[in-house]
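> Take a look at the following structure, please.
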Amino acid sequence: MKSEHSTVQWGTTPIPYRIVRSARRRTVSLTIEARDGLIVTAPETAPIAKLDAIVKAKATWVVSRMRLRDELPPALTSREFVSGESFLYLGRQYRLRLIPVPAPRPVALRGGWLEVAVPKGRRRELQKDIVRAALIAWYKRLATERLPDWTQPFAAKLGASISEVRIAEQDKRWGSCSSSILRINWRIIQAPRTLIDYVLAHEVAHLIHEHHGRDFWATLGRILPDYEERRARLKLLGPTLLW
């Protein structure tokens, strides 16, 4: 696929975008990526003037999504797990504070800081592993405590039965559903409650409809009318939660 760039002007706001062409593409689609911004996927023969017109027609939607993207914390390519580094919990950023101690103690939130105890004298490379493991265990514990209760109201609205909500380690999905068991990625507990609810409602809707057909989205809309907005925001925020 070839890549080009163009920009349209919407009032005083320029909207730059990247064009990705494909011989197999028959229609034009617009997506907002966390890092790359607006991407327009188009047929090979579509003139740029036509693509500019499509972007301008969708300008209100594009600008609103871009503003959401700009509000997000920057995605990190790697984590250092050192004092001062920021971590999210329920959508709020907390600074990490490492506290050397002779004996282990639980991770705690205190005065805007996320405190993690580390053994005195431990080498930095080993300390990093210890801190990461402690944080993951902390997130998993909180997800285990909170997410099952937050899931039940959605199930009740649909008359669905949940036998168990399991907190899982999933790299490429936020949740999954098998029979009456929901598996939810622990990483979602970092997100704001509105996005957590989207993931929970999404998986509950799968108790009624296995696939992502029209009936599935209609069912999800019954219990979460603004799911499209939440879904779009999660798509942008998601990369910042993966570590």
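> How long are the semi-axes of the ellipsoid equivalent to segment 106-183, from square roots of 5 times the Cα gyration tensor eigenvalues, in whole Å, largest first?
In descending order, the three semi-axes are 34, 15, 8 Å.
> Suppose we take every Cα in segment 2-71 and form the convex hull; what volume per residue is that in Å³?
Measuring per residue, one finds 79 Å³ for the Cα hull of segment 2-71.
> Thinking of the chain as a set of Cα atoms, what percent of all their pairs are more than 33 Å apart?
Distances greater than 33 Å cover 35 percent of the Cα pairs.
> Can you flag which of 128/235; 50/235; 50/172; 58/140; 140/235; 56/235 are past 30 Å Cα-Cα?
Cα-Cα > 30 Å for 50/172; 58/140; rest within.
> I want the antiparallel fraction of DSSP beta bridges within segment 2-71, as a percent rounded to 5.
Of all bridge pairs located within segment 2-71, approximately 75 percent are antiparallel.
> Around residue 170, under 9 Å between beta carbons, what's the net of Lys plus Arg minus Asp minus Glu among the other residues?
+2
> Expected output is a single nm value to one decimal: the length gained when fully extending between residue 133 and residue 70, i.e. 0.36 nm times separation in residues minus the C-alpha distance. What is it?
So the extension gain works out to 19.7 nm.
> Also: In debye, nearest 20: dipole of the chain around its Cα centre with unit charges on the Cβ of K, R (+) and D, E (-)?
In total the dipole reaches around 460 debye.
> Turning to a different aspect of this structure: Where both partners of a DSSP beta bridge lie in the chain, what percent of those bridges are antiparallel, to the nearest 5?
Close to 60 percent.
Every number in this text was worked out from the coordinates using simple rules, so none of it is lab data. All of these numbers come straight from a predicted model, not from anything done at the bench. So basically every Cβ, Gly included, is an ideal-geometry build from the backbone, and we count neighbours across all protein chains shown.
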